[in-house]
Number of protein chains: 2
Amino acid sequence: MQIDLLDTFLDLAETRSFHRTAERLRITQSTVSARVAALEQAVGSRLFDRSRAGTDLTPEGKRFEPHARALRHEWNEAQRRIKIPQGAQHLLRLGIQNDLAAVYLGDWVAEFRAAFPETAFYIEPDYSNQMCADLLTGILDFAVMFSPKPHPDLHFDSVGEVTYRMISTETPRLAEVRSDRFVFAHFSPAFEEMHRQTTPDLAGAPVSVGQSGSVVSLLTAMGGSGYVLAKTASDLIAGGRFMAVKDAPDLRQPVFAAIHIRHRTLPLHRRLTQLVARHFR
Amino acid sequence: MQIDLLDTFLDLAETRSFHRTAERLRITQSTVSARVAALEQAVGSRLFDRSRAGTDLTPEGKRFEPHARALRHEWNEAQRRIKIPQGAQHLLRLGIQNDLAAVYLGDWVAEFRAAFPETAFYIEPDYSNQMCADLLTGILDFAVMFSPKPHPDLHFDSVGEVTYRMISTETPRLAEVRSDRFVFAHFSPAFEEMHRQTTPDLAGAPVSVGQSGSVVSLLTAMGGSGYVLAKTASDLIAGGRFMAVKDAPDLRQPVFAAIHIRHRTLPLHRRLTQLVARHFR
DNA sequence: GGTCTTGATCGATTTTCCCGATCAATAGCC
DNA sequence: GGCTATTGATCGGGAAAATCGATCAAGACC
């Protein structure tokens, strides 16, 4: 199995014509034929129905397509993720909780770079579950997340918490916040639970999203009320359109630094954890 | 990039000896050398440090390893998942919530097979998040899960609910259940929340797991109390060691059938949904 | 200093890949 | 019906790549 075969397969699945695929990939039609045949032999199933009146995927081909895409994607990722940018000595691959990336990423990376000038950083905002999986397989070296997923091979350090504040385009008083104009947030299971406990009547809001950024764009577009990161709240209130819902309780989401257990004692990782923790004191 | 190269890389990463890898793969050492060189050229980085006193992965090589495993795994999966077993006309790929698989899978599959005798089934117990992702990429055709993850391309049907019942080796009375002997369960975010609301004093239990099966094995090994599937509860109580905690509220976890939106109207999927729903009436 | 083991390298052979040309089958058109 | 354009399959030859076996140089070990 080669990447060429996958590319040919995927292109052919799109064009449904051996000739057009040959043209697009700058190869001859006979080569397309041969590559498809080779791939079919490799997977052990016929992938295309060929007829004079066009080509189409077989059921097997349809099932193979997502896997072909996954393989292609994984190969791209592999290439991107292993190289150290020139000039750097090391490469650190960091995962950052989606919600935190937008607000904190810039500051953090500036500090990381100051602390480790010789190190290049590969950063990917993602969700807790995915980051835990990537730490386990070794695709990530270090991650900052909301929801630690207990696992014998993962180590979590609490690094503080982040505050969510309720803002509104309509009222500064919690009692006047209408649940049908409220954007409910499920940033993490723990956050959602706190949310329901403190303001159960708003839990039935018709709109529910999982990112602070999405809450902001919804509120900006349609007006209403909802929880956003404290830092974002200040900016929006300063902008004039929003006001703080002052008697609504602030919600605090704990933040964790996560690493694979085998790196737990590395000074590098301790230092990273410290830097992140400083932001929440 | 070819599978052979990945296999060679992974074997060499294990043996750290060109000769031993050559032996194990039944090729010559010069071929190992050439394959490694080919892979290194393909990824654009040196993957091994060769020295007289042994071979070892470079930092790039270490980072490449998880990707190599992922590629290898994906290729295996692709081969397994596309073939229709002989004699069958179609192949349906089903995902089933981990917790439900152990108890319901047998019955369901028996019914599915009776309803679609011409169809082969590929079944994989998994978690909601992963199943949603697999439905989106087309790796799964149909899934039964606890936690629907809203997405424009996914369609969810409620098919009923499953009941969790508290059992104990120690007492039939809720008031006497000790939180330090309780196994807290987080089968789904929704379940966890209900759990906390109905029995908040047990929420601080020192042991918390995410599968009904794990709860059972923990309770069997160490004794104590916890929620398990009603069906399992009956079996365990009949076994004699456990008793029902009668005044503990039953917890109901909603169950959903999920499909990709483009298959929503297929009669096949409607029928599957009906069959699953029948089990919860 | 001799011997063993390491991975790299070279040349020969086999295998694979690719192209260009051709073929058979069909669709569309007159 | 007959003509033409288009479909993918097939074949032969040449180029490229993979593989093997043998050899080599460099360090480890005794």
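Structural remarks
- Residues A:S51 and A:S30, FRET efficiency given R0 of 22 Å [Cβ-Cβ distance, rounded to 0.05]: 0.75
- Dipole in debye (nearest 20) - the stretch B:162-253, about Cα centre, beta carbon charges: Lys, Arg +1; Asp, Glu -1: 180
- B:H90/B:H186 FRET efficiency (R0 35 Å; Cβ-Cβ; nearest 0.05): 0.45
- Summarising the rotation from chain A to chain B, the nearest chain A beta-carbon to the axis and its distance in Å are given as A:P189, 2.
- Note on the stretch B:1-144: Cα convex hull, mean projected area over all directions, 11.6 nm².
- The stretch A:164-225-the stretch A:1-75 distance, computed between alpha-carbon centres (Å): 48
- Per residue of peptide A:78-88, the mean number of Cβ atoms on other chains within 10 Å of the residue Cβ is 4.
- For B:V159, the residues whose modelled amide H falls within less than 5 Å of its own, excluding neighbours fewer than 5 places apart on the same chain, are B:V255, B:F256, B:A257.
- Average Cα contact separation per residue, chain B, under 8 Å, 6 or more apart, as relative contact order %: 19
- Relative frequency of Cα-Cα separations exceeding 30 Å in chain B, percent: 51
- Reach of B:K83 by Cα under 30 Å, taken over lysines that are not fewer than 8 positions away in the same chain: A:K62, B:K149
- Shortest first, A:H263 label-point distances to identical copies amount to 3.7 nm, with the label point at 7 Å from Cα along Cα→Cβ.
- Distances, shortest first, from the label point of B:A221 to those at the same position in the other copies read 4.9 nm; the point lies 7 Å along Cα to C-beta.
- The protein assembly as shown, Cα convex hull volume normalised per residue, Å³: 215
- Other-copy label distances relative to A:R52, 7 angstrom Cα-Cβ extension, nm: 7.1
- Spatially, the stretch B:112-137 and the stretch B:266-281 are offset by 13 Å when compared through their Cα centroids.
- The Cα trace of the stretch B:3-82 gives Rg and Dmax of 12.7, 45 Å, the first to one decimal, the second as a whole number.
- Size of the stretch A:133-217: Rg and Dmax of its alpha carbons, in Å, are 16.3, 49.
- With contacts taken as Cα pairs under 8 Å and at least 6 residues apart, the stretch B:149-281 reaches a relative contact order of 45 percent.
- Full extension of the chain between B:E170 and B:A114 yields a length gain of 15.9 nm, computed as 0.36 nm times the residue separation minus the alpha carbon distance.
- Evaluating 6.51 cos²θ - 1.76 cosθ + 1.60 at θ = phi - 60° for every residue in the stretch A:78-89, the Karplus couplings come out as 4, 4, 5, 8, 9, 7, 8, x, 5, x, 8, 9 Hz, glycine and proline recorded as x.
- Summing Cβ point charges (Lys, Arg +1; Asp, Glu -1) relative to the Cα centre of the stretch B:84-155 gives a dipole of roughly 40 debye.
No lab work stands behind these numbers, since they all come straight from the coordinates. The model shown is predicted, which means the values in this text are computed figures rather than measured ones. Cβ atoms come from the backbone with ideal geometry, glycine included; neighbour counts cover every protein chain shown.
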